Amino acid sequence: MSYLYKEKIGRWYWYEKEEVTSTNDEIRQLPELEAGVVLSAVRQTAGRGRRGHLWHAPAGNLYFTYSWHILPEDLSRMVCLIGLSLAETVLELSSQAEIKIKWPNDVFLNHKKISGILLENIAKDLWIIGIGVNIVSAPQLSGGAYQATSLQENDILISREAFLRRYLLKFEEIIAEYAKEGFTPLKKRWLNLALNYQQPIMIKGEKEIKKGVFLTLDDKGYLVLKTKEGEERIVAGDLFI
Ligand code: BTN
């Protein structure tokens, strides 16, 4: 199946395919991949989530991956900015809904998960950022820590293509702000949307679960947790409330 080059959206070269295993796998097949390429698919047959989970990917929802340069010292800040771009894209579509970012970058709409982000490093400083957004349907998740929802279920009606355009332009805008004004103003915007900010949380890491109060993000983009032992900076993990 050949790639369909669609068009330029702002600075982005946008390709689309009908069906792929995963857009994160498919984008790697593009010759001489550089930053600024977007690959979307109508459906994925083996969509991947974080920590080896499957990402349910029937037609109707949005599945895309884009390439971007990220320096190692910027990684945690960029993880937050990608989540902020997604959360603000949803926020601008609805003034009524409650939008929250669950650290590091899951977006929740009215207490249910609406999207997921999977970052992978493919070459020195070149990353691919895979995003799934539940536009018209959401999987029934049983027994997990949260439920999923779709934009449509919350009366937000938008096509997958229109959402993609809005997201890419929002990300571009946020990256330009970051280059001009640094992380602090964007961090404030992120914290304003953060789930359980300054409240008790649990962080599940590779080896252990840490409990404490979610104090803030530091200037590197790490989560600052106030535990019984003192303040800890956390780079990776899953947040539970
Ligand atoms: C998560 O576990 O929350 C991350 C889910 C990421 C899903 C998206 S859909 C587009 C891209 N392709 C994939 O296989 N995964 C990401």
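Which residues, taken from the range 179-218, are modelled with pLDDT of 95 or more, surrounded by 12 or more Cβ atoms within 10 Å (Cβ to Cβ), in a loop (DSSP other than H, G, I, E, B) and of a type outside the set (A, V, I, L, M, F, W, C)?
182, 196, 197, 198, 218, listed by residue number.
How many of the residues in the range 125-164 are surrounded by fewer than 16 Cβ atoms within 10 Å (Cβ to Cβ) and closer than 17 Å to residue 9 by Cβ?
3
So residue 38 clears everything in (1) in contact (Cβ under 8 Å) with a residue 40 or more places away in the chain; (2) touching a Gly at 6+ places or on another chain (Cβ under 9 Å); (3) part of a strand (DSSP E or B) except one condition, right? Which one?
(2)
May I ask you to list the residues in the range 61-82 that are away from the ligand (no atom under 13 Å from the Cβ) and closer than 30 Å to residue 157 by Cβ?
Step one: filter the range 61-82 for residues away from the ligand (no atom under 13 Å from the Cβ), giving 68-78, 80-81.
Hits for the range 61-82 are 68, 80, 81.
Restricting attention to the range 168-215, which residues are of a type in the set (D, E, K, R) and farther than 24 Å from residue 229 by Cα?
Quick first cut of the range 168-215, residues of a type in the set (D, E, K, R) only: 170, 172-173, 177, 180-181, 187-189, 204, 206-208, 210-211.
Scanning the range 168-215 gives 170, 172, 173, 177, 180, 181, 187, 188, 189.
Could you look through the range 26-56, keep only residues that are of a type in the set (Asp, Glu) and surrounded by fewer than 18 Cβ atoms within 10 Å (Cβ to Cβ), and pick out the one that is nearest to residue 168 (Cα to Cα)? Quick ask: steps written out before the conclusion?
Filtering the range 26-56 for residues of a type in the set (Asp, Glu) gives 26, 32, 34.
From the residues that got through so far, the ones that are surrounded by fewer than 18 Cβ atoms within 10 Å (Cβ to Cβ) too are 32, 34.
Values: 32: 21, 34: 16 Å.
Residue satisfying both the conditions and the ranking: 34.
Among the numbered criteria (1) under 17 Å from the mean Cα position of the chain (by Cα); (2) hydroxyl-bearing (Ser, Thr, Tyr); (3) under 28 Å from residue 136 (Cβ atoms), which one does residue 222 miss?
(3)
So which residues in the range 144-178 are in contact with an Asp or Glu (Cβ under 9 Å, 6 or more places away or on another chain), in a loop (DSSP other than H, G, I, E, B) and among the hydrophobic types (A, V, I, L, M, F, W, C)?
145
Looking only at the range 1-43, filter to residues that are over 15 Å from residue 160 (Cβ atoms) and of a type in the set (Lys, Arg); which one of those is nearest to the ligand (Cβ to nearest atom)?
Within the range 1-43, the match that is nearest to the ligand (Cβ to nearest atom) is 28.
The values are calculated or read from the model by the stated rules, or taken from the named source; none is laboratory data. Just so it is clear, the model here is predicted, and its values are computed rather than measured. No Cβ is skipped: glycine too gets one built from the backbone with ideal geometry, and neighbour counts run over all protein chains shown.
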